[in-house]
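First the structure, then my questions, so here it is.
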Amino acid sequence: MIFYIDIQCTPAYNRNNFNRKGGLHMSTPTANVKAYYDSCPEKEWERLANARLEFDINMSFLTRYIKPGDTLLDLGGGPGRYALALAQRGVEVTLCDLSPENAAFALQKAEEASLSLQAFAGDAREIALLTHEMFDHVLLMGPLYHLWEEQEREEAMRAALSRLKPGGTIAAAFIGSYAGLIYDMRDYPADVLNPGILDLFELLVQQKPFAGRAFTDAYFERHQNVLPFMAKFPLETLHFLSSESFFAPCSDRLYAAPEEVYQEWLSIGIRLCELPDALPFAEHLLYVGRKTKEL
């Protein structure tokens, strides 16, 4: 899941947080996003530990291409869940995150695990100013969650691809447009009485993405828009999938099941997650592509 419970244990989608930006054209106020992640890096670390489907399914695809000895840039890598998991496999990982606290947390976790990791803070769209190194693989699994305008998302993609070697792979993640509905239905069904949340659901009826205030400033993309967006770049599509497969609405039941039961459902989910029918069930969408030429 990408939605959180705040420190006061209230739903992330509450009457004070929800604010839809509708048809306005304005850049994302990244200071809000930075402040959110700076406030509690442990929250995102624990989120991915608890949201096992997202992490396990994503890793099953990433590790098909990312091998020991490869170099990887984790743009928007947060507190380092993917970075450290890949470093444990012998990958040479560099992490960049908008939040200095996230980057520091990742370095701390790497030190505790005796893993090699480079990490620093910066805006993913400015990565070419922060490092001149070229990488075998790039992860962009976070920045596109928060950029309201398509131009901003294009800037992030171009910046990521500028650091990727030709023939290398990029993995880019989006929050799915149905994520808020799934979250409320599963975890906070009474939130349907929140007048603000109905605006989000109305966007679903209108088949529009969401850009505005949720757990922080966020962008929820319609799954139908992802492949046309990626077609703007010199990429060969390798995979496009639901990171929770079909199981996001009932993920809590799978997490409560015995491990052997969870693992069997995970295996089924990996086989099903690329079906077009699975995409509306996604809280997160993952695109994996290969760079075919320089920009």
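Taken together, the values in this text are just the output of simple stated rules run on the coordinates, not laboratory data. Fair warning: this is a prediction, and the values are worked out from it, not measured in the lab. Cβ placement follows ideal geometry from the backbone for every residue including glycine, while neighbour counts extend to all protein chains displayed.
Over the range 134-263, what is the percentage of antiparallel beta bridges among all DSSP beta bridges, to the nearest 5? Present the calculation step by step, with values, prior to reporting the outcome.
On the way: 4 of 11 bridges.
Beta bridges within the range 134-263, antiparallel portion: roughly 35 percent.
Just the C-alpha atoms of the range 87-127: what Rg/Rh do they give, with Rh taken as the Kirkwood radius? Could you put the intermediate results ahead of the total?
Values: Rg = 10.4 Å, Rh = 10.5 Å.
Reported Rg/Rh, Kirkwood definition of Rh: 0.99.
For the chain, what does -39500 (n - 2.57) per DSSP helix run (n ≥ 4), summed and divided by total residues, give at 222 nm, in deg cm²/dmol to the nearest 500? Please list the in-between numbers first.
Numbers: 12 runs with 116 residues, N = 295.
Calculated from helices alone, the mean residue ellipticity at 222 nm is -11500 deg cm²/dmol.
In a GNM of the chain with a 10 Å cut-off on Cα contacts, which of GLY90, GLY212, GLY77 has the highest mean-square fluctuation?
Among GLY90, GLY212, GLY77, the largest mean-square fluctuation in the Gaussian network model of the chain belongs to GLY90.
State the volume of the convex hull built on the alpha-carbon positions of the chain, expressed per residue in Å³ and rounded to an integer.
Numbers: hull volume 37.3 nm³, N = 295.
Spread over its residues, the Cα hull of the chain gives 126 Å³ apiece.
Quick one: if you stick a label point 7 Å off each Cα along the C-beta vector at ASP277 and ASP252, how many nm between them?
2.6 nm
Would you please give the residues with an amide H less than 5 Å from that of LEU95, counting only those at least 5 places away or on a separate chain, with H modeled from the backbone geometry?
Those qualifying (amide H under 5 Å, at least 5 residues apart or on another chain) are ASP74, GLN118, ALA119, PHE120.
Given a Förster distance of 35 Å, report the FRET efficiency between GLU264 and LYS208 from their Cβ-Cβ distance, rounded to the nearest 0.05. Write down the numbers at each step before the final one.
Values: r = 37 Å, r/R0 = 1.07.
For R0 = 35 Å, the calculated efficiency reads 0.40.
Here is a further query. From the backbone phi of the range 68-80, what are the Karplus-calculated ³J(HN,Hα) couplings (6.51 cos²θ - 1.76 cosθ + 1.60, θ = phi - 60°) in whole Hz, Gly and Pro given as x?
Whole-Hz 3J(HN,Hα) from phi for the range 68-80: x, x, 6, 9, 9, 10, 9, 8, x, x, x, x, x.
Pull up the DSSP beta bridges for the chain and report the antiparallel fraction as a percent, rounded to 5.
Details: 21 of 41 bridges.
Restricted to the chain, the bridges split so that about 50 percent are antiparallel.
Another question, if that's okay. Output the Cα-based Rg and Dmax of the range 178-229 in Å, rounding Rg to one decimal and Dmax to a whole number.
11.5, 36
Name the most mobile residue of GLU264, GLU150, GLU221, meaning the one with the largest mean-square fluctuation, in a Gaussian network model of the chain with Cα contacts below 10 Å.
The residue with the greatest mean-square fluctuation here is GLU264.
Now a separate question. Beyond 22 Å between alpha-carbons counts as too far, so tell me which of LYS43/LYS67; LYS34/LYS208; LYS34/LYS109; LYS208/LYS293; LYS34/LYS165; LYS34/LYS67 fall in that bin. Can you show the working numbers first?
Working: LYS43/LYS67 29 Å; LYS34/LYS208 26 Å; LYS34/LYS109 20 Å; LYS208/LYS293 32 Å; LYS34/LYS165 29 Å; LYS34/LYS67 31 Å.
Those over the limit are LYS43/LYS67; LYS34/LYS208; LYS208/LYS293; LYS34/LYS165; LYS34/LYS67.
Express the relative contact order of the chain as a whole percentage, based on alpha carbon pairs under 8 Å and six or more residues apart in sequence.
Computed value for the chain: 22 percent relative contact order.
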